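Structure first, commentary second.
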Amino acid sequence: MAMRRRYTFHSYFCDTSCKVLLVLIWWVSLPYLLDSENVQVDSSHDGNDTDCSELLEGQYHCLQAKIDPDTQQVKDCPQEKSFVLVDCLPAPDIICRTCLRGQECKLQKHNGTTVGFRKAVACKWTNGKSFSVALLLSIFLGMFGIDRFYLGYPAIGLLKFCTLGFMFLGQLVDILLIATQVVTPADGSHYVMDYYGAGLSRIDRNNYTFNVSQEDAGRLPMCDNTS
């Protein structure tokens, strides 16, 4: 009976000592646990402090540029620039830094309807010169230089008028040049044609042109957050 009491007392003493020891360990390590939690919060905050223009495809969608029914091109396309800015909306629950012109940069959680940044979209400035009209004039009245007068080249038009389109040879050349859109309006504008029509874009190459892979092309800057 005495041995059983001694064993019970020994077990009770060990359990109590272990509990006290665990409490002391927890109390000593509590400041370190709090510091680690604070570090995790700060690191997560730094991870979300990303500019909205640096979001990956699929994390945002941009609104369609408005098309002018008269010019069949992007509405309000400026003559000096070849692009317009459209609003891009980050996906819901995306946290990023929004910087727009006239507003202070702020870290914002988006809901899918708020503007995060603006993206440059290529556009073509037009000044009322129709591609179909220029081509028809060149085919039927090109020997009199009417096509060149229409496009804003009066000197060449006068020469064609006096020589019957350089004996019809110049007329044939102009038909090919206008059809391939090599000859465009003299004021530097683009032809008025259907938005999804047979428009051609000339790609120039110079000493500053460089080739990039498809992966690197997706990383090229296309955004303007200061506008």
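The values are calculated or read from the model by the stated rules, or taken from the named source; none is laboratory data. All figures in this text were calculated on a predicted structure; none of them were measured in a lab. Neighbour counts are summed over all protein chains in view; Cβ atoms, including those assigned to glycine, are modelled from backbone coordinates with ideal geometry. Please note that ligands, DNA and RNA were not included when accessible areas were found on the heavy atoms of the full protein model with its side chains. Shrake-Rupley method; radii C 1.70, N 1.55, O 1.52, S 1.80 Å.
Please go through segment 68-100 and give me each residue that is charged (D, E, K, R) and part of a loop (DSSP other than H, G, I, E, B), ordered by number. Break it down stepwise before answering.
Let us first name the residues in segment 68-100 that are charged (D, E, K, R), namely 68, 70, 75-76, 80-81, 87, 93, 97.
Hits for segment 68-100 are D70, K75, D76, E80, K81, D93.
Identify all residues within segment 101-145 that are touching a residue at least 60 places away in the same chain (Cβ under 8 Å) and assigned to a helix (DSSP H, G or I); write none if there are none.
F131, S132, listed by residue number.
If you take the residues in segment 151-166 that are assigned to a helix (DSSP H, G or I) and small (G, A, S), which one is most open to solvent (accessible area, probe 1.4 Å)?
Within segment 151-166, the first condition is being assigned to a helix (DSSP H, G or I), and the residues that meet it are 151, 154-166.
Adding the requirement that they be small (G, A, S) leaves 155, 157, 165.
Numbers: A155: 70, G157: 0, G165: 0 Å².
So, considering only residues that are assigned to a helix (DSSP H, G or I) and small (G, A, S), the one most open to solvent (accessible area, probe 1.4 Å) is A155.
Would you call V192 open to solvent by 60 Å² or more (accessible area, probe 1.4 Å), within 30 Å of K81 (Cα to Cα) and of a type in the set (V, I, T)? Against the criterion (open to solvent by 60 Å² or more (accessible area, probe 1.4 Å), within 30 Å of K81 (Cα to Cα) and of a type in the set (V, I, T)), V192 does not qualify.
When L169 is tested against (1) over 22 Å from T71 (Cβ atoms); (2) surrounded by 13 or more Cβ atoms within 10 Å (Cβ to Cβ); (3) not small (G, A, S), exactly one condition is not met: (2). Looking at R97, R148, just one residue is in contact with a helix residue (DSSP H, G or I) (Cβ under 8 Å, 6 or more places away or on another chain), over 30 Å from E57 (Cβ atoms), buried (at least 18 other Cβ atoms within 10 Å of the Cβ) and touching a residue at least 12 places away in the same chain (Cβ under 8 Å), and that residue is R148. All conditions in (1) hydroxyl-bearing (S, T, Y); (2) at pLDDT 65 or above; (3) open to solvent by 100 Å² or more (accessible area, probe 1.4 Å); (4) over 42 Å from the mean Cα position of the chain (by Cα) hold for Y12, with the sole exception of (2). If you go through segment 51-67 and keep only what is without any contact (Cβ under 8 Å) to a residue 60 or more places away in the chain and open to solvent by less than 40 Å² (accessible area, probe 1.4 Å), you end up with just A65.
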